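What follows is one structure encoded as structure tokens, with my remarks underneath.
FYI, it's all coordinate maths here, none of it is from the lab. Model, not experiment: these values are computed from the prediction. Positions of Cβ are generated from backbone atoms using ideal geometry, with glycine treated the same way; all protein chains shown enter the neighbour counts.
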Amino acid sequence: MNDAHPFVPYRPARIAPDDMIGRGRAFFEAMDGRRSVRHFSDEPVPRAAIEWAIRAASTAPSGAHMQPWTFVAIDDPMRKREIRLAAEEEERKSYEHRMSPQWLRALAPLGTDWHKPYLETAPYLVVVFEQSTGVDDDGERRKHYYVRESVGIACGFFIAALHTMGLCTLTHTPSPMGFLSRILRRPANEKPYILFPVGYAADDAVVPALVRKPLDAVCVWNP
Ligand code: IYR
């Protein structure tokens, strides 16, 4: 700590243990109610909701606090159509030739295929880009660190924020995703990371009957 790099006091609220557990359970229950959605309503959603979710995402911890992400939000129907067509072109090739039989079997319970109508139905597409480098205060190019970890955490916050607002999304990763850089005219230091359609679930939306792993299958104490 010195004048060039000041510190400020930080006094996060102390929560009594009983309350702590109650809050932890409530947060778990809220998050456990989230599902990835592929059937969206075209009902409009306030733009401010997207902006709050992006603000929340951008509070994520990041390597050397470089915040190596760009959230590109799209609500223009022509742009959405262009993205849908390009994504479907790649996805069709993936489903027909590029994905292994084992991969296709793993996806079978999700009921996915190359058709991606939600890329037009959902009122917004938010494409998150990871930045391999950025620019410092002097305009010099600087390297970013732990980029994928940082962006992944930010995307988690984004998903949680949307869910808190009653909005739905999907972590869509058309592969390869280079077309997003071209269509969205992103600079060379940015690479597409996840494409999130965002909106309300359709009234008749269904999701696969998945079961989450219980605590003892995902947590090991003092091995
Ligand atoms: N990107 C494809 C395939 C796909 C892959 C995985 I791993 C999934 O969990 C779901 C889909 C698609 O979006 O259909």
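Observations, loosely collected:
- Contact order normalised by residue count of the chain, Cα under 8 Å, 6+ apart, percent: 32 percent
- Shape parameters for region 181-223, alpha-carbon atoms, Rg then Dmax in Å: 19.2, 49
- A simple spin-label model places pseudo-atoms 7 Å from Cα toward Cβ; at N189 and H5 they are separated by 2.0 nm.
- Normalised by residue number, the volume inside the convex hull of the Cα atoms of region 38-202 is 124 Å³ per residue.
- With R₀ fixed at 45 Å, the C-beta to C-beta distance from A30 to H65 puts the FRET efficiency at about 0.95.
- Taking N as its residue count, the alpha carbon Rg of region 11-92 over 2.2 N^0.38 Å: 1.58
- Relative protection proxy for 15-28, 117-130, 50-63, from highest mean packing down: 117-130, 50-63, 15-28 (other beta-carbon atoms within 10 angstrom).
- Projecting the Cα atoms of T121, A57, Y193 onto the dipole axis of the chain, where Lys and Arg carry +1 and Asp and Glu carry -1 at the beta carbon, places Y193 farthest toward the positive end.
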